[in-house]
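Here is the structure we will look at.
The values are calculated or read from the model by the stated rules, or taken from the named source; none is laboratory data. Model, not experiment: these values are computed from the prediction. Cβ placement follows ideal geometry from the backbone for every residue including glycine, while neighbour counts extend to all protein chains displayed.
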Amino acid sequence: MHTRCAALAALLIASLTWGPLVNAQVGKNQGLLDPNLAAASQLAALPHMTEALARKVQEGRPYRTAAALDAVLAGSLDAGQRAELYARLFRQINLNTAGREEIMLIPGMSKRMAHEFEEYRPYSSLEQFRREMAKYVDAAEVARLEQFVFVPIDLNSASEEVIATIPGMTPKMIHEFEEYRPYATMEQFRREIGKYVDEAEVARLESYVTIR
């Protein structure tokens, strides 16, 4: 009886913590800056970020992966400095395709947890990620980890709420995503969304989506 009550209590806590985001495919942000969207003033306030490096980060946009951002910063900052910076600025990783080295860029990541990230692939939802990682760490740590990750969003079936979890999305762009359904190819997505934003922004948005 005690065990059952404890399990129900844990389930209730999880529902209160994650319930509103069950359908989200991009991790809930806890103040982490997106290198593709951060303003110059925001970048300048970060640890180890000089004016020249902030300008270099902006010039390197769009970053489709965390590894791409790391390649830019590695020329100016050592591993320890980058680790400190990534607690404040990070390009979310694709849970289904990120390599081990990229997963290890997540602040506080251990080899054991990186293995668990890979163990449960493919992820169909962020809720699956939360459920599996909760076997190893507490709810607060799961919530911290999820802000660094995403599961690709299906262009043809995702709800408005799910599309809205893509960083930088606006109501207008959500409408345009839905307007051209069904998408047969990614080239169609690029062509249609390219009517509204430039090539760099199309590339940024494309990195979060898939066609199933």
* Counting only residues that are in contact (Cβ under 8 Å) with a residue 60 or more places away in the chain and assigned to a helix (DSSP H, G or I), which one in region 109-128 is nearest to the chain's Cα centre (by Cα)? -> L126
* **Condition broken by S15, with the remaining ones in (1) exposed (fewer than 15 other Cβ atoms within 10 Å of the Cβ); (2) modelled with pLDDT of 95 or more satisfied** => (2)
* Hey, among A54, A83, A38, which residue is small (G, A, S), under 18 Å from L205 (Cα atoms), surrounded by 15 or more Cβ atoms within 10 Å (Cβ to Cβ) and outside the structural domain of T165 (by TED's automatic domain parsing)? -> A38
* Asked: Does at least one position in region 144-161 carry a residue that is at pLDDT 95 or above, aromatic (F, W, Y) and surrounded by 15 or more Cβ atoms within 10 Å (Cβ to Cβ)?
  -> yes
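Is it the case, given these coordinates, that V162 is touching a strand residue (DSSP E or B) at 6+ places or on another chain (Cβ under 9 Å), farther than 30 Å from G80 by Cα and either touching a residue at least 40 places away in the same chain (Cβ under 8 Å) or assigned to a loop (DSSP other than H, G, I, E, B) (or both)?
Taking the combined requirement at face value, the residue satisfies it.
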* Residue list for region 88-106, filter: farther than 19 Å from T210 by Cα and in contact (Cβ under 8 Å) with a residue 40 or more places away in the chain -> R88, L89, F90, I106
* Asked: Which ones in region 169-195 are in contact (Cβ under 8 Å) with a residue 24 or more places away in the chain, in a loop (DSSP other than H, G, I, E, B) and surrounded by fewer than 13 Cβ atoms within 10 Å (Cβ to Cβ)?
  -> R181, P182, A184, T185
* Structure fact -> Pairs returned, first residue in region 65-76 that is at negative phi and assigned by TED's automatic domain parsing to the domain that holds L105, second residue that is in a helix (DSSP H, G or I) and crowded, with 18+ Cβ neighbours inside 10 Å, beta-carbon separation under 6 angstrom, 6 or more apart or interchain, are A66/E102; A67/E102; L73/R82; S76/L53
* Quick check: is even one residue across region 90-108 buried (at least 18 other Cβ atoms within 10 Å of the Cβ), among the basic types (K, R), part of a loop (DSSP other than H, G, I, E, B) and at pLDDT 95 or above? -> yes
